[in-house]
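Below is one structure, written out as structure tokens; comments come after it.
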Amino acid sequence: MFKLWRKEKMNTLKSRMGWEIEEEEVLYGKHKLYKHRPKNVIELLLNIVEKYPNQEGFIFKNQRLTYTEFNNMVNKIAVGLYKEGVRQGDHVALLLGQQIEFPLSFFSLMRLGAIVVPLNTRFKAEELVYEINDSESKYLIVDEDYWPFVEPIVEETQLKKIFFVGSKQPKGVCHFSILMDTKEKLLPPITISEFDTAVIMYTSGTTGRPKGAMLQHRGLVLTAMLVSDYMALRSRYDKMIACVPLFHITGLNQIMLASIFSGVPCVYVKYFKTKEFLEIMSYEKVTAYVGVPNILWLMVNHPEFNKYDFSHFRIAFVGGAPVTEEMVEGITKNLPHLEFSPGYGLTEAYGIVSTTPFEYGHRKLTSAGMFLFPVEAKIIDDSGKEVPQGEAGELVLRGAKIFKGYWKKPEDTKAILTSDGWLHTGDICRIDEEGFLWILDRKKDMINRAGEKIYSLEVENVISKHPKVLEVAVVGVPDEIFGEEVKAVIVLRKGAKCSEEEIKQFCAAHLADYKIPKYVEFVETLPRNPAGKVIKNQLKYIPDKT
């Protein structure tokens, strides 16, 4: 029923659910948006409360809340936060996992017109101090699991108050539960514009200090609607799962907000563990997944995978990490009924900007799909000139889904966002004759060996086909003669044994000689950030062969 995807024009997909679209004039052209859209994220929530008041919307462990119950709690917490001093425009940091307190805190702060600063839950002292102080956060809501990393650095921040989620309340902080212990019910009226900043979300920081991307209500709402549209999410039928970080754009926007907009229940899983994920997916009859492909890869490779029923699992939007042919074949073979749609997105564009129509089958599944309607896209060379179709260059984007800029970093904003609205992604891509986007490499990750450009994903795709290889990451390392050489870092399948020479011979049968890795290193796991992306900077060293 929902498998038909239509092209509005070259490179662009049309609304899958047939929603009406309008154009809005801006300084550098027209933006495309859904005509009937909430004007802010609070309106997004209130619309669904009115439409499905008694429907279950939030599941966390043994707690199950209807939309009305959730909204009542949001209002109480908002009153409590207001009594504690939080005002419109204040910056409030959240250090929470995939737990019910995250959406409760988020919407309570939205109700006050505050700005949410989601913090990376894997950060330690120095990193937390930087983001709290850089964002000028006055308040912090923190889970007990992360308190040991906050306690030593409180005096180094400008925090006025800390709200603690957990059983053992430390001295000098307020317990989160007091926010709901208030008799007052009314809040002062607050006007929230589509163009107001809702979130300052820090980039993953794989290179240099993280930068705070200022995300507006309009972009968050539009992206939630896009996910709902292209996944064809249906209330009373679908169910989503939040097992990727909510401090990341995928978790916050494409899962939490998209599920609420759609009237679809969402299961919150505080920590990802493969077996627990299998159990929850099966027991809760989850139908829709958004996140990195690696989680599904771990799922189908788990020894107990066949013990569970996944017949209800109908669609997966994946991105944030390369999708190899080996992954596609393994996932779709084990889940043959699954609509598996790789896509592409970035924080500065509120997440997803392209996705792959399922009916294109294996022929296009390792592409990043076709662009969604609000996005203008082109491929440019180093001089800024658009390249001919099919040629490689940097992807630049424009439209209603482009961020406002980096918090307190006008020079960094100017470097990535042009005066006429084009966002430089830093990704080397090409667009084929059918309008499909192919990600070749990060501009900074592309390997330059004596003038020969080597795309790491091409080498990764080849190595991943080796029957003994579970995962692989390819990076460039310094070389005195050629400038850079190719290095492959490999995780083998359980029980497999493989030599460096075996990998090189396998590559020689599929790649030009200059693309064959000079260095091959075998590791137990690849280093990843909380969003699931491999942190390639940590792999850029030459293995010691002594």
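The values are calculated or read from the model by the stated rules, or taken from the named source; none is laboratory data. Quantities reported herein were computed from a predicted structural model and do not represent experimental measurements. Every residue, glycine among them, receives a Cβ derived from its backbone with ideal geometry; neighbour counts consider all protein chains shown. All accessible areas refer to the heavy atoms of the entire protein, side chains included, with ligands and DNA or RNA removed. Shrake-Rupley method; radii C 1.70, N 1.55, O 1.52, S 1.80 Å.
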Between the helical axis of 274-283 and the dominant principal axis of the chain, each derived from Cα atoms, what acute angle in degrees is found, rounded to the nearest 10? 60 degrees
Solvent-accessible heavy-atom area per residue, rounded to whole Å², over the range 8-157 at 1.4 Å: 42 Å²
Ignoring everything but the protein chains, give the 1.4 Å probe accessible area of residue 439 in square angstrom, nearest 10. 50 Å²
Straight-line reach from residue 171: which lysines fall under 17 Å, measuring Cα to Cα and dropping same-chain residues less than 8 apart? 160, 161
In whole Hz, the Karplus estimates of ³J(HN,Hα) for the range 39-56 (6.51, -1.76, 1.60; θ = phi - 60°; x where Gly or Pro) are 8, 6, 6, 5, 4, 4, 5, 5, 4, 7, 5, 5, 7, 10, x, 9, 8, 5
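Treat the chain as a sphere of radius equal to its Kirkwood radius over Cα pairs and apply Stokes-Einstein at 10 °C in a medium of 1.306 mPa s; give the translational diffusion coefficient in µm²/s, rounded to a whole number. Show your work: numbers first, answer last.
Working: Rh = 24.3 Å.
For these conditions, the coefficient is 65 µm²/s.
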Keeping all protein chains in place, calculate the accessible area per residue for the range 327-367 (probe 1.4 angstrom), answer in Å². 31 Å²
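What order do you get for 87-96, 153-162, 344-353 when each peptide is scored by the mean count of other beta carbon atoms within 10 Å, highest first?
On the way: 87-96: 20.6, 153-162: 15.0, 344-353: 26.2.
Put in order of decreasing packing, that is 344-353, 87-96, 153-162.
For every helix of n ≥ 4 consecutive DSSP H residues, a contribution of -39,500 (n - 2.57) applies; sum these over the chain, divide by its total residues, and give [θ] at 222 nm rounded to the nearest 500 deg cm²/dmol.
Details: 13 runs with 127 residues, N = 546.
Value at 222 nm, helices only, nearest 500: -7000 deg cm²/dmol.
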Per-residue ³J(HN,Hα) for the range 148-164, Karplus 6.51 cos²θ - 1.76 cosθ + 1.60, θ = phi - 60°, Hz, x for Gly and Pro: x, 8, 8, 3, x, 10, 4, 5, 8, 10, 9, 4, 7, 8, 10, 10, 9
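Only bridges whose two residues both fall in the chain count here: according to DSSP, what percent of them are antiparallel, nearest 5? Don't skip to the end; give the middle numbers.
Numbers: 56 of 93 bridges.
DSSP beta bridges in the chain are roughly 60 percent antiparallel.
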Spatial separation of Cα centroids for the range 81-138 and the range 374-430, in angstrom: 29 Å
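List the pairs from 76/270; 51/76; 185/211; 275/515; 504/533 whose alpha-carbon separation is above 31 Å, in the order I gave them.
Working: 76/270 24 Å; 51/76 21 Å; 185/211 37 Å; 275/515 37 Å; 504/533 25 Å.
The pairs that break the limit, which is 31 Å between Cα atoms, are 185/211; 275/515.
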Can you tell me which of 243-249, 385-391 comes out highest on packing, and rank the rest after it, using the mean Cβ neighbours within 10 Å? 243-249, 385-391
Could you list which residues have their amide H under 5 Å from that of residue 351, counting only those 5 or more apart in sequence or on another chain, with H placed in the peptide plane? 346
Mean accessible area per residue over the range 429-546 (1.4 angstrom probe, all protein chains present, square angstrom) is 49 Å²
Give me the percent of accessible area attributable to carbon and sulfur for the range 450-530, probe 1.4 angstrom. 52 percent
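Just to make sure I understand: if all protein chains stay in place, what is the order of 181, 432 by accessible area at 1.4 Å, largest first? Show your work: numbers first, answer last.
Numbers: 181 115, 432 5 Å².
Accessible-area ranking of 181, 432, largest first: 181, 432.
Could you check how much of the accessible area of the range 50-175 is carbon and sulfur, as a whole percent, using a 1.4 Å probe?
Answer for the range 50-175 is 46 percent, counting heavy atoms of protein chains only.
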Using Cα centres only, tell me the gap between the range 451-477 and the range 341-368 in whole Å. 20 Å
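Rounded to a whole number, what % of the accessible area of the range 264-420 do carbon and sulfur atoms account for, probe 1.4 Å?
On the way: 3050 of 6050 Å².
Answer for the range 264-420 is 50 percent, counting heavy atoms of protein chains only.
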Mind listing the long-range amide H neighbours of residue 292? Cut-off is under 5 Å, sequence gap 5 or more, other chains count too, H placed in the peptide plane at 1.01 Å from N. 319
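I need the peptides 287-299, 405-417, 251-263 ranked by packing, meaning the mean over residues of other C-beta atoms within 10 angstrom, with the highest value on top.
Working: 287-299: 22.9, 405-417: 15.8, 251-263: 26.2.
For the peptides 287-299, 405-417, 251-263, the packing ranking is 251-263, 287-299, 405-417.
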